[in-house]
Each structure stands twice: as C-alpha cells, then as structure tokens.
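Chemist: Below: one structure in structure tokens.
Just so it is clear, none of the values below were taken in a lab; they were calculated from the coordinates. Small disclaimer: the values here were computed from a predicted structure and weren't measured. Positions of Cβ are backbone-derived with ideal geometry, glycine not excepted, and every protein chain shown enters the neighbour counts.
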Amino acid sequence: MKFVTISKEEFDTFAKDHPNRCYLQTSAIATLREKNGWESHFLGVKEKNKLIAATILLSKKRRIKKEFYSLRGPLLDFKDEKGTLFFLENLKKYCKEHDGFLLRIDPYYEEMSLDRDGKETKEFDHRKDKEYFKKIGFKEIIAEKPSDTVQAKYMYVIDLKENLEDVMKEMDSKTRQMIRKNEKAGIIIRKGTKEDLPLFEDIMEKTSKRRNFENRGNLFYKNLYEALEKENRISLVFAELDTSIALLNIEKEKEEIAKARKDREEKRKLGKCNEKKAQIKEIEERKTLEKLKLQEEKIKQLKKEKKEKITLGGILYVLYEKEMASVFGGSYEEYKEYQPFYTIHYEMIKEAISNHYQRYNFYAISNHLDPSDPQYGIYLFKRGFGGHVISMIGEFVLPIDFVQYKLYQWKRKFKTK
C-alpha cells in the first residue's frame, strides 16, 4: 500500500461511486472553501496501483499552525482494517509534517440503523468502527446539541421506493391532507435561477431572525450555487400562492355545492330525500360557503395589493449522485398559514422518484427527540412524510500539537459565550 497525492479528477471518479459519498466531500466544494481561505489536499491510498481510500483534506492557518479537516470524509472501506488504519495513520503524519495542530474528520457513514422515532432497528450497527479512530488517537466530539459538531449528526431521510404511491402510504394522514389542502389553496412550486438568489437570501434573513440562527448571507448562497450549477447539482425551489388558481378552485367548490343542492331539491320533489341527513348537510354547506367567502375576499385583496403569484418560502437543494438533500430553507412569517413546505417537499419527492434518486434527505434534526426540545416540531413535520432517522458515526478530532489545540479550544469557548 502507498499513501499518495492524487488529482482532482482521480478523487472525483473514486468519490462518485463510493458508498459513503457526500456532496461536501467533492472538488466543487473544495474550490468553494478555497474562496474562504482554505487550502485543498487530495490524498489517497493505492494498492496495486488501484485507489482504495481517499479524501480531500482542507487546511487553514489558525494564527501559528494549521487546522486540517476532512469534511464528511475520509472515504474509507471500514471492512478493510489494514487499509483504514494505514490511511488514518498517514493522514496524521501528513498533518504533522505540514504544520498542523489538529485533524478533524466526520465521515458520511451511518452509526446504526434507526426507525422514524430514532429507535434502533438492529439492521446494522457500525459503532465498533469507531475503534479505528481511537487507535490512532482521535477523540469523539460529544454532540449534546446540533451546534456541538460542524456537520449534523442526526438527519431525517426517506429511502425512496420506485413509485409515489408506496411513499405516500408511509406518510401520516395529516401530511397527505395538508398536501391536498395546499393544492386546492393554489400553492404551487417554481424552480428558481441564480437571479432569484437575492429573493432566497431575503427569505433566509427574515427566517434566521425569527428562529434565532445565523444566516449565511447572499455571497455564500451565490458561491455555493456557482460551485454546483455547472454539473446541475443544485436546485432552488420556491413555493408560491397562485391567486388565480386559488380563486378558480374556490369557484369550483361553490359550484359543487350548488349542484349538490340542486340534486337534493330534485330528490325532495320526488320524495326520495332523507330530511335528517339533508338538514345536517345543509348546515355543513352553509359553514363551508361562509368560509369560502372569507377566503375569496382575502385572496382577492392579496392579488390586488401584491401580485398574481406571491412567494411564500423557498428551499435550496443539493443533488449528488443518488441523494437529493434539502440543505437550506425558510419562509415568510406573514404567509405561515399556507405551510408551503408541505408542497415543496411533496413535489420534490415526486421529482426525486422520477429521476431515480435513492434517498430524499430532509437534513438536520435535533440531537434529542424530546417533546420539550424547541426543535421537536421540525422533527415531527419531517416524520409526517414517512422515512426514518439516521445517525452519522460522529465527529472526531486528533490533537497533533496539544498546546495549540488547547489554546484553540479555549478561544472557541470564549467566542461562543
């Protein structure tokens, strides 16, 4: 076995078919990171001239020495103990030789199989593979909350079936109901372009203030979009209220009620009407008509004050090999009653199935699935679509220069206070 420097092309070819591939461990993201002062190192292990392990190792100077980070890597074959330990040992040596004080890794590799409630299913258990890292001297970061690690430890996913009907069967009835309700309400999706990024950034800025998280900013979204658009690996999707469709659907519902009333009167004339049931139905219809009248007035006012199609929210997707991932998203508070994410996710799940993606990733959820957790509602929303929780094997750090590492830790703690 040989520890070698490899080309971008060699890495991308290897990564594309690796079972633990992730869009963050690609040359496109490495190029993006370089704009923020990181340097990229393409490294691998070859056996009989064949690449068996690889990573993009990012490095950035932190005052005196460098932090090294294999973002969602390295790409290893955990069944190959000899090759895995050889690669990790040589990564440690490489960082030391290149003035590093810290090596951070967080492979895109599931720790164990979990169900939709986050409970173990015993289908697989990879926790023993953490021993590889411990043998080299890595320490696991204990993730009490999502912000404790650079990347999310827990995510929510749907392993997609071949047809939509099978996926729909696993959704909660409330989710299916909301999808139908939104369709009737005139909620549609629109695919955005790079020119729509300022609109998306505005949505994210308002959402971040409301939910108390840091918005990445327009430059970040622009750089990410440009890094991934060449290979069609990014998709910007907006939910819109189409007022014309909404008004048309209201009119159709009113016409259906009028027809039902006419049919009922015909039955009355013929003496075939169940009056008790008819009276109950007529009370329901009056309530529905009153509700439709209010909806109609509101939609007409929105159409007059705003425009025919009103943006409700948006999601930025990353598409990499067999996974479609919803990585950033937000909505406008003033239109929260429309709950646009039901429509966006449903339409994009349909698209993922049509394009033969194997997994739909809703992305991060809270580390503790506890009803008292402020983020529990987000988990419940994602859970409503079916699918299950996934837990990554974790984030590990290897201190190379202990003095510099302790100083770095102290500064980070001080910064977050």
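Chemist: To make sure I understand, if each residue's beta carbon is the centre and we count other beta carbons within 10 Å, what order do 196, 148 fall in, fewest to most?
Modeler: In order of increasing Cβ crowding within 10 Å: 148, 196.
Chemist: Could you tell me the calculated FRET efficiency between residue 46 and residue 277, based on Cβ-Cβ distance and R0 = 56 angstrom, to the nearest 0.05?
Modeler: 0.10
Chemist: What ranking do 62, 127 get, fewest neighbouring Cβ atoms within 10 angstrom at the top?
Modeler: Ascending number of Cβ neighbours within 10 Å: 127, 62.
Chemist: How big is D, in µm² s⁻¹, for the range 254-305 by Stokes-Einstein at 20 °C and 1.002 mPa s if Rh is the Kirkwood radius over C-alpha pairs?
Modeler: 171
Chemist: Sort 33-45, 100-112 by packing, meaning the average of other beta carbons within 10 Å per residue, with the highest value first.
Modeler: Ranking the peptides 33-45, 100-112 by packing returns 100-112, 33-45.
Chemist: Compare the peptides 293-306, 202-215, 220-233 by average per-residue count of other Cβ atoms within 10 angstrom and give them in order, highest first.
Modeler: Packing order, densest peptide first, comes out as 220-233, 202-215, 293-306.
Chemist: Here's a follow-up. Could you order peptides 382-389, 138-145 by the average number of other Cβ atoms within 10 Å of their residues, highest first?
Modeler: In decreasing order of mean packing, 382-389, 138-145 become 382-389, 138-145.
Chemist: For the range 167-215, report the translational diffusion coefficient in µm²/s to the nearest whole number, using Stokes-Einstein at 37 °C, 0.692 mPa s, and a Kirkwood Rh over Cα pairs.
Modeler: Rounded, D is 242 µm²/s.
Chemist: Next question, about the same structure. Full extension from residue 60 to residue 150: what is 0.36 nm times the residue separation minus their Cα-Cα distance, to one decimal in nm?
Modeler: Contour length minus Cα-Cα distance gives 30.9 nm.
Chemist: Nearest 10 degrees, 0 to 90: what angle lies between the long axis of helix 197-211 and the longest principal axis of the chain (Cα atoms)?
Modeler: Compared with the principal axis, the helix lies near 90 degrees.
Chemist: For residue 304 and residue 36, what is the calculated FRET efficiency with R₀ set at 45 Å and r taken between the beta-carbons, to the nearest 0.05?
Modeler: Result of the calculation: an efficiency of 0.50.
Chemist: Tell me, in nm to one decimal, what length is gained between residue 334 and residue 176 on full extension, where the rule is 0.36 nm per residue of separation less the Cα-Cα distance?
Modeler: 54.5 nm
Chemist: Moving on. Please work out how much length the chain gains when fully extended from residue 139 to residue 115, using 0.36 nm per residue of separation minus the C-alpha to C-alpha distance, in nm with one decimal.
Modeler: 5.9 nm
Chemist: Grab the beta carbon distance between residue 190 and residue 251, set R0 = 22 Å, and tell me the FRET efficiency rounded to 0.05.
Modeler: Using R0 = 22 Å, I get an efficiency of 0.40.
Chemist: For the range 107-189, what number results from the quotient of the Cα radius of gyration and 2.2 N^0.38 Å?
Modeler: 1.58
Chemist: From Cα coordinates alone, what are the radius of gyration and Dmax values for the chain in angstrom?
Modeler: When restricted to the Cα atoms of the chain, Rg and Dmax are 26.3, 96 Å.
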